[in-house]
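The values are calculated or read from the model by the stated rules, or taken from the named source; none is laboratory data. Fair warning: this is a prediction, and the values are worked out from it, not measured in the lab. Here Cβ is always computed from backbone atoms with ideal geometry, including for glycine, and neighbour counts include all displayed protein chains.
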Amino acid sequence: MARSGARFGVAGRIVLALVVVVIVVSGTAVWVALPTGSSGSTQSTSSTVQVFGLVSVTGAGTHPTYILFTNAQTGQPTQAPVVAGHYSVQLPNHMTYNVSLGWSGNYTGQAGREPMGQLSVDMAEGSMMAQSYNVVQQTPASMVWVNGTIAWGMITASPSAIRFTASDGENFTAAVQGRAFAVRLPNMMTFEINVESRNSTGYTEWFYFHQLEVNAGLNVVGITVHLG
């Protein structure tokens, strides 16, 4: 049996009646009183927010591949692919995320992930539940200039060319003038170096020198080496 939740006047005042509910459990009557107007449940909230934006990188010959959001509270990672400079992902609301950007270059082995700091996702209920987050990240250039000189001790011949062979088999050759050379090479790769010698009769022969690792960092467009 339950009384209605109507209001009754008592001594000139308005009081809120109680809804009295009788619950029978194993033959025993249990009386539960709830104030009228209370549903007995909590307010529901939206669980996720759409985070979207534009992504670009500064290094020539590199491009963004994904953006990673790692929940700072739980450690849960959420990865969003970057397509044509855009991304979109659903993230739990009222959370803070550590953000990093994945990128790659034009040559094998050119890839990395750069930290971007933190992002707070905290949208008010009833809003559009969408948040923009644009990214511009510095990355190394895919190719760099390598300038250098060659220490040469052979009297009967002079260096005439230098060849850099990458680990994938691709060759990059430059002329040597006065024992100096300049060539553009893929960044973040190791090369085998061979030097061509030429004598007074025009006879040429290639000699192995050694290996060179090219690993130029941010904002570096060229390096200088001395081969000896």
Filtering the range 107-123 down to residues that are under 17 Å from Thr78 (Cα atoms) and either crowded, with 16+ Cβ neighbours inside 10 Å or β-branched (Val, Ile, Thr) (or both) yields Glu114, Met116, Leu119, Val121
Name the pairs whose Cβ atoms lie under 8 Å apart, with the first residue in the range 208-223 and without any contact (Cβ under 8 Å) to a residue 40 or more places away in the chain and of a type outside the set (Lys, Arg), the second outside any strand (DSSP E or B) and surrounded by 11 or more Cβ atoms within 10 Å (Cβ to Cβ), and 6 or more positions between them or separate chains? Asn215/Asn187; Asn215/Met188
Residue ID - nearest to the chain's Cα centre (by Cα), chosen from residues in the range 95-115 that are free of Cβ contacts under 8 Å to residues at least 40 places away in the same chain and closer than 15 Å to Val51 by Cβ: Ser100
Only one of Thr74, Thr108, Thr78 is farther than 30 Å from Thr190 by Cα, outside any strand (DSSP E or B) and either touching a Gly at 6+ places or on another chain (Cβ under 6 Å) or not hydrophobic (A, V, I, L, M, F, W, C) (or both), namely Thr74
Selection from the range 81-94 of residues that are part of a loop (DSSP other than H, G, I, E, B) and either more than 11 Å from the chain's Cα centre (by Cα) or over 23 Å from Met123 (Cβ atoms) (or both): Ala84, Gly85, Asn93, His94
Let me spell it out: the conditions are (1) within 27 Å of Ser56 (Cβ to Cβ); (2) out of contact with any Pro (no Cβ under 9 Å at 6 or more places or on another chain); (3) surrounded by 18 or more Cβ atoms within 10 Å (Cβ to Cβ), and Trp145 meets all of them except one. Which number is the exception? (3)
Please note which strands (runs of 3 or more DSSP E) are completely contained in the range 119-185 and include at least 2 residues that are without any contact (Cβ under 8 Å) to a residue 60 or more places away in the chain and either of a type in the set (Lys, Arg) or assigned by TED's automatic domain parsing to the domain that holds Val221 (or both). 157-166, 171-175
